[in-house]
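Here the structure comes first, spelled out in structure tokens, and everything after it is commentary.
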2 protein chains.
Amino acid sequence: MDPVEHAYAHELFERLFRELSAIGLDAAGATTRLAWTPEAAAAARWFDQTARALGLEPERDACGNQWAWLGERGPGAVVSGSHLDSVREGGRYDGALGVVAGFVAVHLAARRRELGGRDGGPLAAVTLGVVAFADEEGGRFDSPTFGSRALCGTLDVAAALERRDRDGVSLRDALSAFGVDPDGIGPEPERLAQIGALVELHIEQDTLLEREGAALALGTRIMPHGRWRLDLHGEAAHAGTTPIDARRDPMLALAEAVSAAHAAALRHGALATVGKLEVSPNATNAVAERVSAWLDVRAAQESTVAGTVDDVLAAIRARADHDGVRVEMRRESFTPAVEFSPALRARVAAVLTERGLRALPMATGAGHDAGALAACVPTAMLFVRSDGGAGHSPREHARSEDCLTGIGALTDVLLELANQESGALADV
Amino acid sequence: MDPVEHAYAHELFERLFRELSAIGLDAAGATTRLAWTPEAAAAARWFDQTARALGLEPERDACGNQWAWLGERGPGAVVSGSHLDSVREGGRYDGALGVVAGFVAVHLAARRRELGGRDGGPLAAVTLGVVAFADEEGGRFDSPTFGSRALCGTLDVAAALERRDRDGVSLRDALSAFGVDPDGIGPEPERLAQIGALVELHIEQDTLLEREGAALALGTRIMPHGRWRLDLHGEAAHAGTTPIDARRDPMLALAEAVSAAHAAALRHGALATVGKLEVSPNATNAVAERVSAWLDVRAAQESTVAGTVDDVLAAIRARADHDGVRVEMRRESFTPAVEFSPALRARVAAVLTERGLRALPMATGAGHDAGALAACVPTAMLFVRSDGGAGHSPREHARSEDCLTGIGALTDVLLELANQESGALADV
């Protein structure tokens, strides 16, 4: 970006990011924008208003994903975006940065075309778009990448609709209340067929770029990743009268699950996390009747994920058998390894190299909409350096300068892809 | 009880217990009647209506405890009762049995007086009463024996009023909404001075009586008992990108707390329970920022409780230091050992022996209102055999025949105490 464009982009980025960051921010500085909530509705309004203010035409698809289009709809569209929802008490950058970056980059692309110059070519022939996928985090219904998987047809929608949040509200009812018809959710092949490429920009949430002294990475693959739900069934008992050896306390198997997950992750070189628990009746003076725990496992290879989960389950079973506790373990989701489109990656890498931008190749353990979409359209991901590596935390941060470096690269990439798509279409 | 009285008592007991059991019962058969809730209000209405139907005069004291009086108010009153609140998803007997037994026994005492006979003596000179203490379980605000301790003046009311339930409602606001003036709560020495004796009947919630083949026990003491709150402060992080060795995961210290509590309890011959947890943000795909756990410890001796807690804390600290997790531990409540009034116990034991009833002496690890009241009035407890020993569980059960044995004994005890009190007053 030249200095004038940089100043222009900086102002627009700061304003959009500030507006969006205010939604769902609590007094402690944490962001909670769960899908299908009032905070999600406020973010959706922000998306529509921002699109219109920038001259884009907003729409919502049947899966609840939001789109904003620049120019006539047609084949070969080049789209950028991410998601607007967050985890509970998360940060301001995860997802949000990608949507803001999409808006700024598409706007800069249009501006360059108006101003003319090197990139002001045949853009009109190819549509540029911004997208915000619905419920990427799955923080309310444990239904991650809901919108992108539903759009691709890789989600078991019927099963997802029956899931309930912690207040007992089903996803079906939450969607209806939000104005999305639950029975209309499903794949949209025509929409997908018109997308030539999707490029998602995202905060890194790791320390690779910081350690390497680079601002940008180009995604190579998403590691295989699964979530398992553990239900440990014991027997409620009075904490003050029930002898230790007469108890069937599921808390002991939980402790084993947590310790075993940690040990197995270190042993296998995997990531294993127990971050969510439910205890019933959850009373100080009662031995628990039931403890539910969610185990999240990711690794470079599927066999490593499986080995880690097997080790954890074996350890839990040994403890639970000893205590008379019944173990149920159910896989709630599994995403095989995703390779981003090699052809698109090569095209993006070529643009970055041509512009003198350094982008490290990077595999990630985090799930992303671009990973889900990779099943049906060519996708690529750009990662922007994290400040301190935090993710899913209020401490999540990326320096503005790094965000702008990413936005500049994204603008170059979108324009070049649009030009290539346009040429490819002209060749037909 | 003679066969006619037994049939009469059986019918009244079954009816009252059935009415009360219906309040707060869920489809799975669990009872949830937390203090200051709509279920508590329904139970309070049941108490008032039952009192009036049996010819007793109901009233509520400034602490929210309910009383029902037979005869003129005056010194030397003999009172029986327990509490109407339950833990979350608890059973039908804990507390409820004692209130129903109080009503039935006081009614049988009055009936015997009307019918004349051996016990139909100078009852009119001494008041009989039934009591339901407020919030014995502390299941909503972690404020166990709230009503009885507030009445005695042994509760830090100001601190308790600031406690919040899981929805963020303060006890102060919950009391106001319930119609109890929070600023009016405090000890009532005049009321207590008029009580000559309190006898609480309670389900055993243990297997001692079952093992010994006896229906009744007479309480000797309540073991010392404390609750500690543990706050384990880690750092929220993305489960898919944060390396295991870069995490500050408080879940590992929780696992250590649970395992160490179990081991320390076995080593010291104590009871130690972690039955309640809170996790923040409690998301599948985020390392927890904070885990809070409540540790409940009881033992025959205070030194054993202290030794158990010290061992648990040392184990947690070792793990937490290793993980960069900060530990806060705070004692939320502590009740020293309570000896029930030796004089009253001797009087109760004499009555039971005279009637040929066998009552085993029994110490208990469970807190009770009679334990809290022991600080200011002579109290005694009768325990009725548990079926299977369950407590704080939907499986909590006592056979009707055992309940009626307890009620018969309680009737005898109340009448004899009333006669003795009456004589003692006449001597003044």
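The values are calculated or read from the model by the stated rules, or taken from the named source; none is laboratory data. Fair warning: this is a prediction, and the values are worked out from it, not measured in the lab. For neighbour counting, all protein chains shown are included, and Cβ atoms are generated from backbone atoms with ideal geometry for every residue, glycine included.
Quick test for you: out of A:Gly29, A:Gly64, pick the one residue that is small (Gly, Ala, Ser), surrounded by fewer than 19 Cβ atoms within 10 Å (Cβ to Cβ) and either within 14 Å of chain B (Cβ to nearest Cβ) or under 22 Å from A:Ile185 (Cβ atoms) (or both).
A:Gly29
Those residues that are within 11 Å of another protein chain (Cβ to nearest Cβ) and farther than 28 Å from B:Asp156 by Cα, I need them from the range B:178-210; list them, please.
Within the range B:178-210, B:Ile203, B:Glu204, B:Gln205, B:Asp206, B:Thr207, B:Leu208 qualify.
Look through A:Leu175, A:Leu208, A:Leu198, A:Leu192 and report the one residue that is in the same structural domain as A:Phe103 (by TED's automatic domain parsing), in contact (Cβ under 8 Å) with a residue 60 or more places away in the chain and under 18 Å from the mean Cα position of the chain (by Cα).
Only one candidate qualifies: A:Leu198.
When residues of the range A:168-195 are filtered for being farther than 19 Å from A:Phe133 by Cβ and part of a strand (DSSP E or B), how many remain?
So the count comes out to 1.
Identify all residues within the range B:343-386 that are within 14 Å of another protein chain (Cβ to nearest Cβ) and either over 26 Å from B:Asp142 (Cα atoms) or aromatic (Phe, Trp, Tyr) (or both); write none if there are none.
Listed by number, the residues that qualify are B:Met362, B:Phe383, B:Val384, B:Arg385.
Can we say A:Val279 is at pLDDT 95 or above and facing chain B (nearest Cβ under 7 Å)?
Criteria met by A:Val279.
Of all the strands (runs of 3 or more DSSP E) wholly in the range A:326-428, which have at least 3 residues that are more than 24 Å from A:Ala9 (Cα to Cα)?
Answer list for the range A:326-428: A:326-335, A:359-364.
Take the residues of the range B:213-253 that are within 28 Å of the chain's Cα centre (by Cα) and within 7 Å of chain A (Cβ to nearest Cβ): which is surrounded by the most Cβ atoms within 10 Å (Cβ to Cβ)?
B:His225
Return the total of residues in the range A:275-303 being closer than 28 Å to A:His225 by Cβ and outside any strand (DSSP E or B).
5
Are any of the residues in the range B:143-157 more than 23 Å from B:Val377 (Cβ to Cβ) and in a loop (DSSP other than H, G, I, E, B)?
no
Return the pair list, or none, for Cβ contacts closer than 7 Å from residues in the range A:78-99 that are facing another protein chain (nearest Cβ under 10 Å) to residues that are surrounded by fewer than 24 Cβ atoms within 10 Å (Cβ to Cβ) and in a strand (DSSP E or B), at least 6 apart or on different chains.
A:Glu89/B:Ser280
So, of the residues in the range B:327-342 that are of a type in the set (Ser, Thr, Tyr) and out of contact with any helix residue (DSSP H, G or I) (no Cβ under 8 Å at 6 or more places or on another chain), which turns out to be farthest from the other protein chains (Cβ to nearest Cβ)?
Within the range B:327-342, the match that is farthest from the other protein chains (Cβ to nearest Cβ) is B:Ser341.
Which pairs do you get when a residue that is in contact (Cβ under 8 Å) with a residue 12 or more places away in the chain, found in the range B:321-337, comes within reach of a residue that is among the aromatic types (Phe, Trp, Tyr) and surrounded by 17 or more Cβ atoms within 10 Å (Cβ to Cβ), reach meaning Cβ atoms under 7 angstrom, with the pair 6+ apart or on two chains?
Matching pairs, first to second residue: B:Met329/B:Trp228; B:Arg330/B:Trp228; B:Arg331/B:Trp228; B:Glu332/B:Trp228.
Residues to consider are A:Val297, A:Val348, A:Val338; find the one that is under 18 Å from the mean Cα position of the chain (by Cα) and farther than 23 Å from A:Lys276 by Cα.
A:Val338
Among the residues in the range A:288-299, are any at negative phi, surrounded by fewer than 18 Cβ atoms within 10 Å (Cβ to Cβ) and free of Cβ contacts under 8 Å to residues at least 40 places away in the same chain?
No - not one qualifying residue is present in the range A:288-299.
Considering only the range A:256-264, I want to know if a residue exists there that is facing another protein chain (nearest Cβ under 7 Å) and hydrophobic (A, V, I, L, M, F, W, C).
For the range A:256-264, residues facing another protein chain (nearest Cβ under 7 Å) and hydrophobic (A, V, I, L, M, F, W, C): present.
Taking the range B:348-374 only, how many residues are out of contact with any strand residue (DSSP E or B) (no Cβ under 8 Å at 6 or more places or on another chain) and of a type outside the set (A, V, I, L, M, F, W, C)?
Number of matching residues: 4.
Filter the range B:387-410 for residues that are of a type in the set (Ser, Thr, Tyr) and either at pLDDT 95 or above or not assigned by TED's automatic domain parsing to the domain that holds B:Glu200 (or both) and give the result.
B:Ser400, B:Thr405
In this structure, does A:Glu188 turn out to be closer than 23 Å to A:Trp69 by Cα and out of contact with any Gly (no Cβ under 6 Å at 6 or more places or on another chain)?
yes
Tell me the residue from B:Val377, B:Val348, B:Val309 that is at pLDDT 95 or above, of a type in the set (Val, Ile, Thr) and closer than 30 Å to B:Leu230 by Cα, please.
From the options B:Val377, B:Val348, B:Val309, the qualifying one is B:Val309.
For the range A:196-216, does any single residue satisfy the condition of being part of a strand (DSSP E or B) and over 26 Å from A:Gly64 (Cα atoms)?
Yes, the range A:196-216 has at least one match.
What pairs can you find where one residue is in the range A:301-312 and more than 19 Å from A:Thr364 (Cα to Cα), the other is assigned to a helix (DSSP H, G or I), and their Cβ atoms are less than 6 Å apart, with a gap of 6+ or different chains?
A:Gly307/A:His268; A:Asp311/A:Ala264; A:Val312/A:Ala260; A:Val312/A:Ala261; A:Val312/A:Ala264
Looking only at the range A:295-311, decide whether some residue is closer than 30 Å to B:Glu396 by Cα and within 11 Å of chain B (Cβ to nearest Cβ).
Checked against the condition, which is being closer than 30 Å to B:Glu396 by Cα and within 11 Å of chain B (Cβ to nearest Cβ), the range A:295-311 yields no hits at all.
Is it true that A:Ala418 is at pLDDT below 95, away from chain B (no Cβ under 14 Å) and buried (at least 24 other Cβ atoms within 10 Å of the Cβ)?
yes
Regarding A:Arg111, is this residue in a helix (DSSP H, G or I) and over 23 Å from A:Ala177 (Cα atoms)?
yes
Given the options A:Ala41, A:Ala27, A:Ala35, name the one that is more than 15 Å from A:Val99 (Cβ to Cβ) and within 19 Å of the chain's Cα centre (by Cα).
Being more than 15 Å from A:Val99 (Cβ to Cβ) and within 19 Å of the chain's Cα centre (by Cα) holds for just one of A:Ala41, A:Ala27, A:Ala35, which is A:Ala41.
Answer yes or no: is there a residue in the range A:254-274 that is crowded, with 24+ Cβ neighbours inside 10 Å, assigned to a loop (DSSP other than H, G, I, E, B) and over 28 Å from the mean Cα position of the chain (by Cα).
So far as the range A:254-274 goes, no, none of its residues is crowded, with 24+ Cβ neighbours inside 10 Å, assigned to a loop (DSSP other than H, G, I, E, B) and over 28 Å from the mean Cα position of the chain (by Cα).
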